[in-house]
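See below for the structure under consideration.
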Amino acid sequence: VNLDLTKHLTPLGYHFAPDPSSQQVCTIGGNVGNNSGGPHCLAYGVTNAHILAIEVVLADGEIVTLGGLDAEPSGYDLRGVFIGGEGMLGITTKVAVRITPNPSSVRTLLLSFDTPRDAAATVSAVIAAGIVPAAMEVMDQGITIAVENYVNVGYPRDAGAVPLAEVDGLPDGVDIDAQRISDIGREHGATDVRQAASDEERMLLWKGRKTAFGAVAQIAPNYYLHDTVVPRSKLADTLEEVYRIADEHDLAVVNVFHAGDGNLHPLLLFNGQEPGIYDRVHAAGAKIVEASLAAGGVLS
């Protein structure tokens, strides 16, 4: 399990950088199969960047090793081709991972905004300022309330959207970047900026973000999730289109997403027992995908 590996490595001064929201249950093999991302992949890259070699059983039963431990092998990057193949190219039996040193300093900021548009504009402004946070996530009000009911760490229930930004590295540089993000947030209408005061508070904030999909059960028994990427400059417009599409199909929607790289995760909420509901849900989902593509995005 992904998180078990990081828990084992942390006392030794290292961690496995890819951290999908399903980190508590997803496996390294599954991460390889899906080339999984996660909040901290904004700065550190997705799974492909953290796998040195894999042992694979091909369709004809042949066992091969793709990649290598010592240096970048010559020739085609078959390791990179295989990662993300979802099992279509063979079955992974062993994985050699690249471990990452723990940062010497970390700052985690929670910003509050009246609207998702203001939060999305802040994300674009932070990246445009040349700051690449370790992670930058956004949750809208509906999902924030559900998350706070679960973790009770102080997520603001009255905010229209909350970005969660984290910077890591050397202490002086981290302090500067944290202050710059805070200033940019206030320039874009942040009503509050808070910094985690302890590692415990930081971990609880991230626990809230990473259990957001499960927290949705407080709102509705079913959800339909899409996963698209749009240019950061189109985040705000695409979010508003997602809300409009949900309204048009008489559905509730909440948004929680990897804002730093424009990766959207709109969740259409519904009760599967309602007659005809799946037709509306699927129609709305298709429109959301079309809107993302029209904004210059792709399916992720």
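The values are calculated or read from the model by the stated rules, or taken from the named source; none is laboratory data. All values reported here derive from a predicted model rather than from experimental measurement. Every residue, glycine as well, gets a Cβ built from its backbone with ideal geometry; the counts of neighbours run over all protein chains shown. To get the accessible areas, we keep the full protein, side chains included, count just its heavy atoms, and leave off ligands, DNA and RNA. Shrake-Rupley method; radii C 1.70, N 1.55, O 1.52, S 1.80 Å.
What accessible area per residue comes out for the chain, rounded to a whole number of Å², with a 1.4 Å probe?
Values: 14030 Å² over 300 residues.
Heavy-atom accessible area per residue stands at 47 Å².
How do TYR44, TYR155, TYR150 rank by accessible surface area computed with a 1.4 Å probe, from largest to smallest?
On the way: TYR44 60, TYR155 10, TYR150 125 Å².
The ranking, largest first, comes out as TYR150, TYR44, TYR155.
Who wins for biggest fluctuation among ASP175, ASP118, ASP70 in a Gaussian network model of the chain, springs between alpha carbons below 10 Å?
Ranking ASP175, ASP118, ASP70 by mean-square fluctuation puts ASP70 first.
Spelling out what I want: for every residue of the stretch 111-121, take phi, set θ = phi - 60°, compute 6.51 cos²θ - 1.76 cosθ + 1.60 (Karplus), and round to whole Hz; glycine and proline get x.
10, 10, 9, 6, 9, x, 4, 5, 5, 5, 5
Which length gain, in nm to one decimal place, applies between ALA125 and ASP4 when the Cα-Cα distance is subtracted from 0.36 nm times their residue separation? Mind dumping the intermediate values first?
Numbers: separation 121, 0.36 × 121 = 43.56 nm, distance 3.53 nm.
This chain segment gains 40.0 nm when fully extended.
Tell me, what HN-Hα J-couplings in whole Hz come from the Karplus equation 6.51 cos²θ - 1.76 cosθ + 1.60 at θ = phi - 60° for each residue of the stretch 198-211, using x for Gly and Pro?
7, 4, 5, 5, 4, 5, 5, 4, 6, 4, x, 5, 7, 10
Can you give the FRET efficiency to the nearest 0.05 for ALA96 and ARG186, using r as the Cβ-Cβ distance and R₀ = 51 Å? Please list the in-between numbers first.
Values: r = 45 Å, r/R0 = 0.88.
Efficiency for this residue pair is about 0.70.
Would you calculate, for the chain, the mean residue ellipticity at 222 nm contributed by helices, counting each DSSP H stretch of 4 or more residues as -39,500 (n - 2.57) and dividing by all residues, to the nearest 500? Write out the running numbers ahead of the final one.
On the way: 11 runs with 113 residues, N = 300.
For the chain, the value works out to -11000 deg cm²/dmol.
If amide hydrogens are placed 1.01 Å from N in the peptide plane, which non-local residues have theirs closer than 5 Å to the one on THR228?
Residues meeting the criterion, in which the H sits 1.01 Å from N, are LEU264, SER300.
Accessible area of the stretch 1-79 with a 1.4 Å probe: how many percent of it is carbon plus sulfur? Walk me through the numbers on the way to the answer.
Details: 2370 of 4140 Å².
Answer for the stretch 1-79: carbon and sulfur cover 57 percent of the accessible area.
Tell me the label only: which of (i) 80, 55, 33; (ii) 54, 54, 34; (iii) 109, 43, 35 is Cα extents along the principal axes in Å as calculated from this structure?
The value computed from this structure is option (ii).
Using a 1.4 angstrom probe and counting only protein chains, how large is the accessible area of GLU187 in Å², to 10?
Its accessible surface works out to 140 Å², give or take rounding.
Is there a pair in LYS94/LYS287; LYS207/LYS287; LYS210/LYS287 whose C-alpha atoms are over 29 Å apart, and which pairs would that be? Mind dumping the intermediate values first?
Details: LYS94/LYS287 40 Å; LYS207/LYS287 31 Å; LYS210/LYS287 26 Å.
Among LYS94/LYS287; LYS207/LYS287; LYS210/LYS287, the Cα-Cα distance tops 29 Å for LYS94/LYS287; LYS207/LYS287.
Give the long-range amide H neighbours of ALA17: residues separated by 5 or more places, or on another chain, with amide H under 5 Å away, using H modelled in the peptide plane at 1.01 Å from N.
Here THR100 satisfy the definition.
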